[in-house]
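Chemist: First the structure, which I've put down as structure tokens, then a few questions once you've had a look.
Read-outs: derived from the displayed coordinates by stated rules, not from any lab. Computed from a prediction, not measured in an experiment: that's the story for all the values here. Note that we place each Cβ from the backbone using ideal geometry, even for glycine, and neighbour counts take in every protein chain shown.
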Amino acid sequence: MRETFYLRLGETADSDCEYGIAGADPRSLRAQRGSLDQALDRVNVAGRRVVVFVPATQVRLATVKVPARQPSKVLQAVPYALEDQVAEDVESLHFAVGTRLEDASHPVAILSRARLNQILLLLRANGVQPDWLVPETLALAAPTADGAWSALADGDHVCVRSGLWSAFTCAAADLVEYLSLADPDRTHPLRLHIAGNAAFDGSRLDWPVQLLPERNALAALATGFQPERAINLLQGSYAPRRDIERYWKPWRVAAVLLVSLIGVSLISHLADTWALSAEVARQDQANATRFQQLFPEQTRVVDLSAQLDQQMRALGAGAGSAGPLSLFEPLSQALAASPGLKLTGLQYREGALFLSMTATDLQVLENLRNWFAQRPDARLEVQSANAESGAVQIRARLSRA
């Protein structure tokens with residue numbers, strides 16, 4: 001059996017990654033850490049299977065039923081079946097589908113096309129064609145016969161595989177809270193892999209837990225990875241075309257790499273421009289919708305800035321005062337940056353915005369908290385978060401910091 005090159009990507013293109021080679025037994029892996037360029041420069045991947053793990057925070061999991069059965073038609077139908085469950089334009093997202101389940105539904109992994117393009121460009125610029133591109137959460141071991149969930153603590157975050165095709169991530173300090181929301185009856189013990197750099201004391205966890213120390217996160221993922229219980233993100237237009245590659249001549253490979261290197265800058269610029277234009281249009285529409293929710297008598301929005309200033313002056317809180325206007329900007333940006341989050345109610349009182357929101361899963365709430373934690377001008381206090389009917393109902397208070 002040929003060897004496997006395992007690569008665990010960082011959160012960004014500049015982040016360090018973990019990498020290593022293993023034979024038939026993944027436990028033989030000796031992981032190293034460094035930049036992606038260093039990893040691909042130090043290791044010769046020729047003739048080896050390449051498995052790449054994508055950060056759990058960048059991939060969402062869902063399940064969906066579609067009438068089609070043919071894989072290609074299922075892949076075409078899934079984005080529109082999930083359109084109401086994602087905040088972004090489905091054209092900006094990549095959907096990968098797992099094996100059809102007994103109830104006729106399909107597990108789905110969702111990733112930004114911009115991020116996927118960035119990953120593949122970086123790999124292919126170094127002459128690497130991955131065989132598998134897998135969400136970290138689906139590389140953890142699936143729930144065992146006794147219902148135990150698998151989790152990985154790395155740094156100050158934890159990712160949990162809470163089902164065969166479901167998972168969530170959160171800050172280590174919030175793990176018990178998230179476990180309680182996902183499993184109120186505490187029927188699922190936790191098999192917690194703790195990487196060597198994890199800032200987390202699992203012995204103090206108020207939950208039935210089995211602690212599994214690991215040298216590093218990559219070792220836990222490589223050992224737990226089972227292709228039949230994972231979703232390969234390389235589908236559709238991103239699927240490997242190995243029959244063509246096998247017959248390419250050396251000069252043609254060199255020509256393709258040269259063209260790729262020349263086109264990287266242009267493609268990156270066009271992708272950024274397109275994404276920015278789409279985001280501006282979505283944000284303008286979202287701002288107009290929220291304005292009409294706040295001021296329902298304004299049935300027509302011609303000049304949002306002028307109309308908002310007029311309404312705020314009428315309330316005695318002009319644009320230069322300490323009214324709610326200063327909170328609208330971070331709120332709008334947070335909603336745009338949080339796929340799967342919808343604003344259902346809004347009130348301004350006592351110098352703060354009181355928000356009612358619906359999230360598709362717990363990971364969306366964690367992303368929202370992390371986003372506001374980096375804002376020096378606004379503070380978000382989550383007052384309640386209840387999981388009901390496949391969604392999380394959230395009440396929060398947004399005030400100036």
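Chemist: Report the residues of the range 138-175 in range of a label on Q226: point 7 Å along Cα→C-beta, backbone N strictly under 15 Å from it.
Modeler: Those under the cut-off are 138-151, 161-166.
Chemist: If Lys and Arg each add +1 and Asp and Glu each add -1, what is the summed charge of the other residues whose beta carbon sits under 14 Å from the beta carbon of S180?
Modeler: Neighbour charge sum, excluding S180 itself: -4.
Chemist: Quote to one decimal, in nm, the extra length available between E279 and T187 on full extension: 0.36 nm per residue of separation minus the C-alpha distance between them.
Modeler: Computed gain between E279 and T187 is 28.9 nm.
Chemist: Testing the spin-label approximation: label points 7 Å from Cα along Cα→Cβ at K73 and S268. State their distance in nm.
Modeler: Output for this residue pair reads 4.2 nm.
Chemist: Please compute the modelled spin-label separation between D41 and L261, points set 7 Å along Cα→Cβ, answer in nm with one decimal.
Modeler: The two pseudo-label positions are separated by 1.4 nm.
Chemist: May I pose another question? Could you give the length gained on full extension between D16 and A87, defined as 0.36 nm per residue of separation minus the Cα-Cα distance, in nm?
Modeler: The span from D16 to A87 would gain 22.6 nm if fully extended.
Chemist: Using 1/(1 + (r/R0)^6) with R0 = 35 angstrom and r between the beta carbons of D156 and Q293, what's the FRET efficiency to the nearest 0.05?
Modeler: With a Förster radius of 35 Å, E is 0.45.
Chemist: Still on this structure, I have one more. Round to the nearest 0.05 the FRET efficiency obtained for D206 and Q393 when R0 = 30 Å and r is the Cβ-Cβ distance.
Modeler: The computed FRET efficiency comes out at 0.80.
Chemist: Per DSSP H run of n ≥ 4, the term is -39500 (n - 2.57); total these for the chain, divide by its residue number, and report the mean residue ellipticity at 222 nm rounded to 500 deg cm²/dmol.
Modeler: Dividing the helical sum by the residues of the chain leaves -10500 deg cm²/dmol.
Chemist: Let me ask another. Dipole magnitude of the range 1-137 about its Cα centre, charges +1 at Lys/Arg Cβ and -1 at Asp/Glu Cβ only, in debye to the nearest 20?
Modeler: Here the range 1-137 has a charge dipole of around 540 debye.
Chemist: Could you point to the residue in L257, L36, N287 farthest towards the positive end of the chain's charge dipole, with +1 and -1 charges on the Cβ of Lys/Arg and Asp/Glu respectively?
Modeler: Working it through, the farthest residue towards the positive pole turns out to be L257.
Chemist: Quick check on packing: order 109-120, 13-24, 359-370 by the mean number of other C-beta atoms within 10 Å, highest mean leading.
Modeler: The most tightly packed comes first, giving 359-370, 109-120, 13-24.
Chemist: Separate question: Where in the range 157-186 does the label zone of T99 land, with the point 7 angstrom along Cα→C-beta and an amide N cut-off under 16 Å?
Modeler: Counting only backbone N, you get 164-166.
Chemist: With +1 on each Lys and Arg Cβ and -1 on each Asp and Glu Cβ, and nothing else charged, work out how big the dipole of the range 348-401 is about its Cα centre, in Debye to the nearest 20.
Modeler: Roughly 240 debye for the range 348-401.
Chemist: Under a point spin-label approximation (7 Å from Cα along Cα-to-Cβ), what is the Q347-A239 distance to one decimal in nm?
Modeler: Label-label distance for Q347 and A239, simple model: 5.3 nm.
Chemist: Given a cut-off of under 8 Å on Cα pairs at least six residues apart, what relative contact order in percent is computed for the range 1-142?
Modeler: Relative contact order comes out at 24 percent.
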